Structure formats: C-alpha cells, structure tokens
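Take a look at the structure below.
The values are calculated or read from the model by the stated rules, or taken from the named source; none is laboratory data. The structure presented is a predicted model; accordingly, all values stated were derived computationally and were not measured. Please note: Cβ atoms are built from the backbone with ideal geometry, for glycine as well, and neighbour counts cover all protein chains shown. With ligands, DNA and RNA removed, areas are computed over all heavy atoms of the protein, side chains included. Shrake-Rupley method; radii C 1.70, N 1.55, O 1.52, S 1.80 Å.
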Amino acid sequence: MSTETTQDHRDPGLAVLLAAALAAVGVGLLAVAAAAVVDGRPAALGAAVGAGAVLTVLVLGSFAVHVVAQAMPSASLLVAILTYGLQVVALTAVMTSLDRNGSLGETVSGGWLVVGVVAITLAWVIAQVWFGARARIPAYDLREPATDDRQEAGAR
C-alpha cells in the first residue's frame, strides 16, 4: 500500500519568475540585435548594458521577495518595499557610474541604454502579470494533517 499523495510540490511562484526572466531575456536580445543593426557597436553595447542591469536587478529583487514570502509571509510586504528602494538605488548607481567614467555617450549609446531599460522593464512586468494570472497559486497552503493515534476530544 502506498502513502503517496497526488499533491504537486513544485513552486508555481518560482515558475512565474523563471518564465518572466526568460521572456525578458528574449526581448533584451531583440533590443541588442536591433541596436546593432540600426546604429552599430555603441548602440548594441548601450542596449546590452541597460537590459543587463535592469534584468539583474529585477531577477535578484523578485527572487529575494519570493524567498521571504515562502519563509515568512508576514514580512513579504516590508521586504518588497525595501527591495524596490534598493533596486532604484542600484540602477541609479549604474547610470551614475557610466556617466562619471565618461563611457556614456562615447562607448555606450545613452539612447539605446534607455531602450534596453524600457524594453526589459515592460517585458518583465507584462510577462510576470501574464504568467502570474495563469499560474495556479493557492491562496492558502493547507498542509496534510499529521497522522496521530490520539483521538480528538469528544470523538468516539
């Protein structure tokens, strides 16, 4: 006799994050290819830097919030707000460092950097909403009751 359950133990939230990341990578590659065809190497580098920075920040931040939401759901809102603030600070630091070291405009095209940032952000948000709306994520995770030999009070 088997005691296996038919319950699926895969994490649907993680699947949504991975699918959104793959969709964003695809859009980022399209943006880099379009930049290379239209304006050459500085444009492709600008689109790649913008797309890479935003994708890294979004994936790491969303994964951190996901891990905290799994471990301690009551702290997930606080972590999400703090993560958003850190994401803004990290992207500002990337843009500031590019501007200060002189590579923005010469080596890296600023216009295509913005295209990479906007393309990845839109792709990430749309994909996360799309896959999240179709995922079967339960509102409550009802664990199976532990088998206990004791009887409940009042039970015969």
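Some points to look at:
- Residue within the stretch 67-84 that is under 18 Å from residue 24 (Cβ atoms), open to solvent by less than 40 Å² (accessible area, probe 1.4 Å), under 15 Å from the mean Cα position of the chain (by Cα) and touching a residue at least 60 places away in the same chain (Cβ under 8 Å) present: no
- Considered as a group, the residues in the stretch 105-140 that are of a type in the set (Ser, Thr, Tyr) and assigned to a loop (DSSP other than H, G, I, E, B) include one that is most open to solvent (accessible area, probe 1.4 Å), and that residue is 140.
- Note on the stretch 18-43: residues that are surrounded by fewer than 16 Cβ atoms within 10 Å (Cβ to Cβ), touching a residue at least 24 places away in the same chain (Cβ under 8 Å) and within 17 Å of residue 114 (Cβ to Cβ) total 2.
- The conditions of being open to solvent by less than 50 Å² (accessible area, probe 1.4 Å) and in contact with a strand residue (DSSP E or B) (Cβ under 8 Å, 6 or more places away or on another chain) are met by residue 46.
- Of the candidates 102, 154, the single residue that is at pLDDT below 80, in a loop (DSSP other than H, G, I, E, B) and not polar (S, T, N, Q) is 154.
- Only listed residue being at pLDDT 95 or above and at negative phi, chosen from 69, 123, 75: 123
- Test: residue 9 is modelled with pLDDT under 90 and either open to solvent by 80 Å² or more (accessible area, probe 1.4 Å) or part of a helix (DSSP H, G or I) (or both): yes
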